[in-house]
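**Q** Let me give you the structure first, and then I'll get to my questions.
Each value in this text was obtained by applying a stated rule to the coordinates, not by laboratory testing. Given the structure is predicted, the values throughout are model-derived calculations rather than measurements. FYI the Cβ positions are ideal-geometry reconstructions off the backbone, even for glycines, and counts take in every protein chain you see.
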Amino acid sequence: MTGHAGGDDLLQVVDLRKHFGGVKAVDGCSFTVGRGQLVGLIGPNGAGKSTVVEMLAGAVAPDGGKILFDGREIGGLPPHEIFRRGIARCFQLAKVWPMLTVLENLLIAAPQQGTDTIRAALVHRRRLRQLERRNRERALAVMEQYGLIRLCNDYAYTLSGGQMRLLEFARIAMCEPRLALLDEPMAGVNPVLQAQIEEGIGSLLATGATVLLIEHNLAFIERLCHEVVVMVNGRVAAVGQMADLRKDTAVQDAYLGAVNA
């Protein structure tokens with residue numbers, strides 16, 4: 001999968017900064033993500049990639065700069081507000097609701113469409129029943145798509161690490177996000193499930209979602225990503241397609257450890 005998916009920018013990161021004491025984790029980072037694109041965010045350990053994702057998701061407040069999502073500033077908003085605007089994420093270590101079944105994990109992530117208050121539930125009971133039925137049908141379809149249907153009634157804590165990762169992907173799909181933030185989705189996953197995760201990312205894109213992906217597997221990045229952003233020492237060192245970036249001396253130095261801290 002190569003080339004741009006077209007359209008204007010859905011996400012703009014402008015001069016983003018985050019310092020932890022004397023450590024400049026993110027130090028003037030700027031890049032854009034076009035609508036419908038799968039963009040890879042790569043770089044050596046300590047480059048600031050995960051901190052950028054934490055700020056995009058609202059888990060960490062920026063010290064400076066701007067985060068524009070569909071033209072609106074979201075930097076510093078709390079995670080629930082950023083989620084409401086259409087940004088969902090997965091973590092380096094898969095996070096699920098362990099004491100809920102696979103089906104329940106998906107149902108709890110489904111959009112509530114204005115029925116998530118007691119008053120709405122009482123006044124619109126018929127509408128609520130219809131929504132619950134539609135959500136269940138959608139959850140079953142998503143589980144089928146992500147190879148989880150046979151685990152429908154299994155508790156999440158019984159799943160393998162790779163299956164939990166697939167459940168996270170399915171839960172993101174259930175949210176119908178505009179932007180999905182994926183932090184090392186291949187970490188600790190066996191090759192069989194890696195193929196399913198790759199298909200899952202393709203399925204997210206097929207729904208019209210935009211994806212920003214952190215991953216250390218450069219072959220995977222080159223195979224899937226429309227564009228790649230390289231971070232070094234809290235800043236963007238290069239942007240382009242992986243085939244071209246492999247020839248970039250700044251990128252080579254970063255991965256060989258030749259860049260001065």
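**Q** If you build a Gaussian network model of the chain, linking Cα atoms that sit under 10 Å apart, which residue out of 176, 81, 227 swings the most?
**A** With Cα springs under 10 Å in the chain, the top fluctuation among 176, 81, 227 is at 81.
**Q** Select from 84, 171, 35 the residue whose mean-square fluctuation is largest in a Gaussian network model of the chain (Cα-Cα springs shorter than 10 Å).
**A** 84
**Q** Which cross-chain or sequence-distant (5 or more) residues have an amide H under 5 Å from the amide H of residue 10, H modelled 1.01 Å from N in plane?
**A** 33, 34, 35
**Q** Separate question: Quickly estimate the mean residue ellipticity at 222 nm for the chain, helices only: each DSSP H run with n ≥ 4 gives -39500 (n - 2.57), and the total goes over all residues, rounded to 500.
**A** Taken over the chain, the calculation gives -11000 deg cm²/dmol.
**Q** Highest mean first, what order results for 66-72, 42-48 on Cβ atoms within 10 Å?
**A** Listed from highest to lowest mean packing, they are 42-48, 66-72.
**Q** Scan around residue 18 for amide H atoms under 5 Å from its own, H built in the peptide plane at 1.01 Å from N, and keep only partners 5 or more places away or cross-chain.
**A** 25, 26, 27, 28, 63
**Q** Based on the alpha-carbon gyration tensor of the range 149-191 and its eigenvalue square roots a ≥ b ≥ c, which shape applies: rounded if a/c is under 1.5, prolate if not and a/b is larger than b/c, or oblate?
**A** oblate
**Q** Compare the Cα positions of 39, 164, 14 along the charge dipole of the chain (+1 at Cβ of Lys, Arg; -1 at Cβ of Asp, Glu; about the Cα centre) and return the one farthest towards the positive end.
**A** About the Cα centre, the residue reaching furthest to the positive side is 164.
**Q** Follow-up. Assuming 0.36 nm per residue, please report the length gained on full extension of the stretch residue 15 to residue 217 beyond their Cα-Cα distance.
**A** Length gained, residue 15 through residue 217: 70.0 nm.
**Q** Same structure again: Restricting to bridges with both residues inside the chain, how much of the DSSP beta-bridge set is antiparallel, in percent to the nearest 5?
**A** 55
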